Amino acid sequence: MILAAGRGERMRPLTDHTPKPLLPVGGKPLVIWHIERLRAAGFGRIVINHAHLGQQIEAALGNGAALGVVIEYSREASALETAGGIATALPLIESEVFPVVNGDIYCEYDFSRLAEPLARLAAGHDRAHLVLVDNPPHHPQGDFVLDDGRVQNADSPHALRLTFCGIGVYHRALFARTPAGEKAPLAPLLRQAIDARRVSGEHFVGRWVDVGTPERLHQLDQSLHTHV
C-alpha cells in the first residue's frame, strides 16, 4: 500500500494544485519511484489511498498497466490519517501481512528486503516491522529506539534512537480496533505493540528524504538530476 491522501500543507503552494505524491523529482513523480521499486521487488498489486486532488493520482497512474503493476484505489472524502487510511483500505488488501510506504518520501530502499519480515509476521508473534533511518536535521530527537532488531519506546543503554522513515510491514490484526472510515493516527497503535514487544525493526543507511517542504523537494530534485 502507498499512502497518498495527505494534504501537504507544508508544501503549499505546490500542493494547492498538485497532490504531493505527484510532485516530480529527478524527472518523475515521487509515487512513480515507489511503484518502480515495489515492482522490481516483486510486488505486482498496489493499493493507493487518496483524498486531496485524488482524481489527479488516478488520472496519472490509471490501473497501473503502463507501469507493470495492478493499482486499486481507496478513496477518502477527507484524509483519515495513517491508521484510518490503512483500516479503510483493508478490504482491498488480500494479505494478512503487507508493506506500506508513505507517498511523500523518497527512499532508495530495496523492498525485496521485506521478504523476511513479511514471512516472519505472517508466521508468528509480531504485529509490525519498521524501517528506521538516522535522524534528519529537522527531526533530531528521532522516534524510536532500535536495540538488537527490536523497536522500543524508551531509551536503553547502547541502543540507537532513530527516525521512522515511512516504510513498514504490518499485520492486519494491528488495525483490528480501528474503525474504517474514521480518522486514526498510527503512532498510538505502534507504541502499544512496541510495549507488548511485538515490533521488529531495521536500520536503513541509504538515501532517504522526507520531502516535507519545497526547499527539500528542490534539493532532492537537483541531487537526482546530478547523480542519477
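Just so you know, all these numbers are worked out from the coordinates, no wet-lab data involved. This structure is a prediction, so every number in the text was calculated from the model and none was measured. Cβ coordinates were reconstructed from backbone atoms using ideal geometry, including for glycine residues, and neighbour counts include every protein chain displayed.
Students often get this wrong, so try it: which of (i) 1.04; (ii) 0.94; (iii) 1.57 is Rg/Rh (Cα atoms, Kirkwood Rh) as calculated from the structure shown?
Recomputing Rg/Rh (Cα atoms, Kirkwood Rh) here picks out (ii).
What full-extension length gain, to one decimal in nm, is calculated for GLN56 and ARG39 as 0.36 nm per residue of separation minus the Cα-Cα distance?
Extra length from GLN56 to ARG39 when fully extended: 4.0 nm.
Could I have the simple spin-label model distance between GLU215 and SER95, label points 7 Å from Cα toward Cβ, reported in nm to one decimal?
3.8 nm
Kindly put TYR106, TYR170 in sequence by how many other C-beta atoms sit within 10 Å of each C-beta, fewest to most.
Exposure proxy ranking, most exposed first: TYR106, TYR170.
Output the antiparallel fraction of DSSP beta bridges having both residues in the chain, as a percent to the nearest 5. Don't skip to the answer; put the middle values down first.
Numbers: 23 of 39 bridges.
So the antiparallel bridges amount to about 60 percent of the total.
Any chance you could run the full-extension gain for ALA77 through ASN153? It's 0.36 nm times the residue separation minus the Cα-Cα distance, nm to one decimal. Kindly include the intermediate steps, with their values, before the conclusion.
Details: separation 76, 0.36 × 76 = 27.36 nm, distance 3.32 nm.
24.0 nm is the gain from fully extending ALA77 to ASN153.
Report the FRET efficiency, 1/(1 + (r/R0)^6), for ARG197 and HIS17, where r is their Cβ-Cβ distance and R0 is 41 Å, rounded to 0.05.
Result of the calculation: an efficiency of 0.35.
Would you mind putting 192-198, 97-103 in packing order, based on average other-beta-carbon counts within 10 Å, highest first?
Listed from highest to lowest mean packing, they are 97-103, 192-198.
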